[in-house]
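Working notes, structure below.
The values are calculated or read from the model by the stated rules, or taken from the named source; none is laboratory data. Bear in mind that the values here come from a model prediction, so they are computed numbers and not experimental data. Every residue, glycine among them, receives a Cβ derived from its backbone with ideal geometry; neighbour counts consider all protein chains shown. Ligands, DNA and RNA are excluded from the accessible area calculation, which covers all protein heavy atoms including side chains. Shrake-Rupley method; radii C 1.70, N 1.55, O 1.52, S 1.80 Å.
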Amino acid sequence: MAGDAHRRTLATLLEERDRGRFAGREAELAFLDLCLESPDPPASVVHIYGPGGIGKSALLREVTRRARSLGIEIITIDGRELGPAPGKLEAALSGAASYHRPLVVLDSYERMRALDPHLRRELLPRLPDRSLVLIAGRGSPDPGWFSGGWEALTTRLELDVLVPREAGQLLAAHGLSDERVPAIVDWAAGSPLALALAADTAIADPSWSAAADPGRPDILRSVLHRLVGTELGDVRPSALSIAIVARTTTPALIKAVLAGEDADRAYRQLAGLSVSEQVGDGIAMHELVRKAMLADLKLRNPELERDLRRRIVDYLYSRAVAGEPLVMIDMAHLVENPVLRWGFGWDGNVSFRIDSVSAGDVRGIERQYTPDQNRQWWRLTRRYFSESPERAAVARDRDDQICGFMVCMSVATAPAFAGSDPLIGPWLAHARANLTLGESVLWHAAVDRTGQGTVQAMLGMAGVLRSGVVNPRFAYLPIDPSYPGALEFAQALGATHLAHLDVTLDGQVVQCHHLDYGTGGLFAHLRAQIYSELGLPAP
């Protein structure tokens, strides 16, 4: 029987596997380590918050393991198992006052936020001065935590999505490192929960690919169960369906799409969900939830989804032609053709952003070039960075690393030296000759440095928005036919190859593809594309 004391248990196995599957969050852990170990910690109360599936509980478990290795006493309370009665929380914390430096972990705090005042006024002040309290929930902390003296002890730590590098690390920690990883990283949109579910699915089913089957029902059901639960029970299904289909939802959109609906009330319900967040003047659903619920809607009620998509794009089109060009981002969101979405959209905005040119960007881009890449093309592009930086932009990740760049212009905004540029100079002359038919947007370059086409669509969208043309009739696209996806994108758009405007740089042909959006311009073209996907005649 003596050997029983050293026998491994299921709890031991669970702990080992959970530790082995944790990845990323280096910056957050470094800060929390300081809170645990420093004799003068930067905070005694840390609010860790973010949407469902973002990895709050996993981070808490990792911090708990580190605290245990330091000999720190730990008290863990889960809001899902604790009612709102103060007495229960008092009982759970009763032993903490006798510890030297306890770690108190309050998880799923959105389930017990009614206890906020009681916690600040009665319970936490009794804890030893070396205590560390971690409060994790979906919503941002109450302002009361940053007044009345608590602001000196309290900080907030918002968890964002995992960047692609961390997402790959998490998949590897789950045992997946094959050629399916890039598609899974893209599908999961940085959600640790989605990455974990997809990794387990991919390992169990070697034939499954997120690129070929992004709407696999078993994964979607798991996502919805874990992230939403019963929260959606009181939300109007019609308004919820709009939020599932649209990129962002506003009261005006609900009112336009659903005649007779109490738009303000429906919007308040949507805004109150833990899986929605404020975006501009509207709200957006947590991307993973939106993807899962959209796939479910298409399975259950495809006609409703199609009708909503048509109504939404009609509303957005009316705003665009009325002078709101930024809504083309929301219009492009409704396009489903993956080839078109590759080169024009805003899907990468979770982990990446488009930024103006800064000092050092030229050197940063040049360090990324390899001997087999077209340096002559870059040398022509580089001049715009130094002499006409308003025509250039870069894509950066959350670590401020350059992930792509672009140069785009119109006839009116092209710098004087562009006329003698061997690449775009002849294109500008061609565009001027056709100016009576409509304005043109011309790309000199749109280069994705991620190797996976991750920011290509953002570069395309940013080019139009920065070109100086609100609703272009024509577009000139520089196409390297050897670059994966580029030629397919131009052909899917219906662009015409103007071979006489091709140019050879560093021995490689850069093709000129000319796109006519039609007399209604880009806005009408986008709406017509969506109508075509719905099987409807162009409006």
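Subtract the Cα-Cα distance of A212 and W150 from 0.36 nm times their separation in residues, and report this length gain in nm to one decimal.
This chain segment gains 17.2 nm when fully extended.
Take the alpha carbon gyration tensor of the chain, find the square roots of its eigenvalues, order them as a ≥ b ≥ c, and report rounded if a/c is under 1.5; if not, report prolate when a/b exceeds b/c, else oblate. Write down the numbers at each step before the final one.
On the way: a/c = 2.12, a/b = 1.73, b/c = 1.22.
Note, shape of the chain comes out prolate.
Given a 1.4 Å probe and the protein chains all in place, what does the accessible area of Y483 round to, in Å² to the nearest 10?
So the heavy atoms of Y483 present about 70 Å² to solvent.
Provide the packing ranking of 201-209, 394-402, i.e. peptides ordered by the mean count of other C-beta atoms within 10 Å per residue, highest first.
394-402, 201-209
Tell me which DSSP H helices of the chain clear both cut-offs, 27 Å or more of axial length from alpha-carbon atoms and a mean Kyte-Doolittle hydropathy of at least -1.0. List each step's numbers first, then the result.
Values: long enough: 302-321 (29 Å, -0.77).
Going by DSSP H runs, the hits are 302-321.
Taking R0 as 25 Å, what FRET efficiency do you get between D205 and D234 from their Cβ-Cβ distance, rounded to the nearest 0.05?
About 0.10, to the nearest 0.05.
Tell me, what HN-Hα J-couplings in whole Hz come from the Karplus equation 6.51 cos²θ - 1.76 cosθ + 1.60 at θ = phi - 60° for each residue of segment 143-150, using x for Gly and Pro?
Per-residue couplings from phi come out as x, x, 6, 10, 8, x, x, 5 Hz.
By its C-alpha gyration tensor, with a ≥ b ≥ c as the square roots of the eigenvalues, how is segment 417-539 shaped: rounded for a/c under 1.5, else prolate for a/b larger than b/c, else oblate?
Oblate, since a/c reaches 1.5 and b/c is not below a/b.
Could you work out [θ]222 nm for the chain from helices alone, using -39500 (n - 2.57) per DSSP H run of at least four and dividing by all its residues? Round to the nearest 500 deg cm²/dmol.
Computed mean residue ellipticity for the chain: -12000 deg cm²/dmol.
Just subtract the alpha-carbon distance of Q376 and E277 from 0.36 nm times their residue separation and send over the number in nm, one decimal. Mind dumping the intermediate values first?
Numbers: separation 99, 0.36 × 99 = 35.64 nm, distance 4.44 nm.
Residue separation times 0.36 nm, minus the Cα-Cα distance, leaves 31.2 nm.
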